[in-house]
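The values are calculated or read from the model by the stated rules, or taken from the named source; none is laboratory data. Since the structure is predicted, the reported quantities are computational estimates derived from the model, not experimental observations. Don't worry about glycine lacking a Cβ; one is built from the backbone with ideal geometry, like all the others, and counts go over all protein chains shown. Heavy atoms of the whole protein, side chains included, go into the accessibility calculation; ligands, DNA and RNA do not. Shrake-Rupley method; radii C 1.70, N 1.55, O 1.52, S 1.80 Å.
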Amino acid sequence: MVPEIKPARVRFAPSPTGRFHIGSARTALYDYLYARKTGGQFILRLEDTDQKRFDPQSESEFYESLRWLGLHWDEGPDIGGPHAPYRQSERVELYQEYADELVANGRAYHCFCTPERLSQVRQEQQKRKEPPRYDGLCRSLSEREVNARRDSGESTVIRFKTPREGVTTCIDLLRGPITIDNATVDDYILVKSSGMPVYHLAAMVDDYLMEITHVLRGSEWLPTFPLHVMIYQALEWQQPQWVHLSIFLNPSGKGKLSKRRTTNQRTGAKAIYALELRQMGYLPEAVVNWISLMGWSYDDHTEFFQMKDLIDKFTLEKLNPSPAAVNYSKLDHFNGLHIRALSTEDLTERLYPFFVNADVQCDPGLLAEITPLIQERIRSLEEAVEMAAFFFNPTVDPDPQELVGKNLTPAESATATRQALAVLRNLVSFEPEHTEAELRKLADTLGLSAGQLFGILRVAITGQRVSPPLIESMSIIGTETVLSRLEQAVEKLEGIADPE
């Protein structure tokens, strides 16, 4: 009998201090998928206790990126919910309450050490080749001394009083039990001298009060995982399921993914930020498909997923803790697949802004005619502009040398173009099948392959060596424009032809 899956409450809790990158996107995606799979809730929470680095633009980018990817939250700072507020800077009193409880229970303490003293302690530890950590000077201060020093206005932080003996076992859903000696865990600061909590306290309090059932987060939190478990134990709370996701490696497979652009032979700079991927013409469906498979798989052969498929098939048990190299070729592959899966109307609507942003005078009706010709050929929305802008330009201006056919002289190419011009002038319309048949017949007459003749005509009519299907393109461009561009091509070829 299959056990019943209870509705999960998961949270994506970014710190609005930087850009929204694909690592954050994957964490949010897995949270979203699990919430939808179990009929639970996906919560957005902003961990903005680092007020010095807080960036309002970063917060806006989180919202925009999540919406673009289709990851719509059920509770959050902008829409509220039963556990509001969802912004940590507005919950400081709550954190202080639990910090005071830990102090009262002997599981945390006030520390009065100055930055200068702490620096000196670290330097001495380094000389002794010891791991840097707090030396515990203030661990045993009496309540009377603490109160006296606080009353005198002395600055204080609150540190967690880590047990000095025994072990703590942490259960990670992907990695199993992780047991550490308590003596190796530092007395971490929970509340700064400013009264602002750090992540270690604030996130644990929020997860508990917001009834989070599963915490999915990056494996960079594994070193402080024991501390978080200890805080739960100290407050006698039931822990959530902990899931530390795999890290992303650079495309080379060496080193953690850099927060910089990486190089791709086809398009030059690639980005790791969601909104830059959007700007480069990647579909959100493709990005979701791509990042879903960097740390999870359904089986050993299924790769193409729409969001509804991912929701249906996603399970935590099939997550993989092994590091995953970022493969941009796979992103291009998925983008092509998802472009071809769109309806013509949908693709046209998505393409239009790219033409406008490239200052192409794009007519939506004409673009709708062109879309079926390029849908099978483009790997990004941005690529469509390069491939199809000639449809909207009044003229094209190819390099004369580009007009010379394969294994032909300029004079021979001029003759072939002139003959094609004569054939096309006699056609009533550019109905594709008839036009292609007549031009193939001409190629035979001239002793050329269809590829040689069509190659000349393609450059003459489109201004480029690579284009959508030539015959269908001619039909859309129209008789007058096609004939005019061929006449100009003849002139260019004659201009470089040998005098003989």
Translational diffusion of the range 97-209, µm² s⁻¹ [Kirkwood Rh, Cα pairs; Stokes-Einstein; 10 °C; 1.306 mPa s]: 101
Efficiency of FRET between S297 and A341 - r from beta-carbon atoms, R0 25 angstrom, step 0.05: 0.75
Sequence of T169, T156, T395 when ordered by accessible area, the most exposed leading, probe 1.4 angstrom: T395, T169, T156
Phi to ³J(HN,Hα) by Karplus 6.51 cos²θ - 1.76 cosθ + 1.60 over the range 346-357, Hz, x for Gly, Pro: 5, 5, 4, 5, 6, 6, 3, x, 5, 5, 4, 5
Nitroxide proxy distance, nm - points 7 Å out along Cα→Cβ at A104 and N426: 10.1
Loop-located trypsin sites (Lys or Arg not before Pro) in the range 320-405, at most 12 other Cβ atoms within 10 Å (DSSP): none
Loop trypsin sites (Lys or Arg not before Pro), the range 384-471, which have at most 12 other Cβ atoms in a 10 Å radius of their Cβ (DSSP): K406, R465
Diffusion constant of the chain at 20 °C, which comes from Stokes-Einstein with the Kirkwood Cα-pair radius and 1.002 mPa s, µm²/s: 78
Other-chain or far-sequence residues with amide H under 5 Å of L190's (modelled H): I158, R159, F160
The range 121-181: GluC sites (Glu not before Pro) in DSSP coil with no more than 14 other Cβ atoms inside 10 Å: E154, E165
Hydrodynamic radius by Kirkwood, which averages 1/r over all alpha carbon pairs of the range 138-182, in angstrom: 13.6
Per residue convex hull volume, Cα atoms of the range 402-457, in Å³: 71
Built amide H within the under 5 Å cut-off of L245, gap 5+: R217, G218, S219
Residues with amide H under 5 Å from that of R9, placed H, sequence gap 5 or more: Q41, T213, H214
Within the chain, helix-based [θ] at 222 nm, where runs of 4 or more DSSP H residues each add -39,500 (n - 2.57), nearest 500: -14000 deg cm²/dmol
Set K256/K318; K330/K406; K6/K192; K6/K161 screened for pairs whose C-alpha atoms are more than 28 Å apart: K330/K406; K6/K192; K6/K161
The range 151-247 - convex hull of alpha carbons, volume per residue in Å³: 119
Size-normalised alpha-carbon gyration radius of the range 1-142, reference 2.2 N^0.38 Å: 1.42
Kirkwood-Stokes translational diffusion coefficient of the range 266-324, alpha-carbon pairs, 4 °C, 1.567 mPa s, µm²/s: 101
Gain on full stretching of the segment that runs from D135 to Q361 - 0.36 nm per residue minus C-alpha separation: 74.5 nm
Local electrostatic count at V215 - Lys and Arg +1, Asp and Glu -1, tallied over other residues with Cβ under 9 Å: +1
Cα pair distances in the range 62-121, grouped into 10 Å bins until the bin that holds the longest one, percent each: 17, 25, 25, 18, 14, 0
Spread of Cα-to-Cα distances over 5 Å intervals beginning at zero, given as percent, for the range 103-151: 4, 18, 25, 19, 15, 11, 6, 1
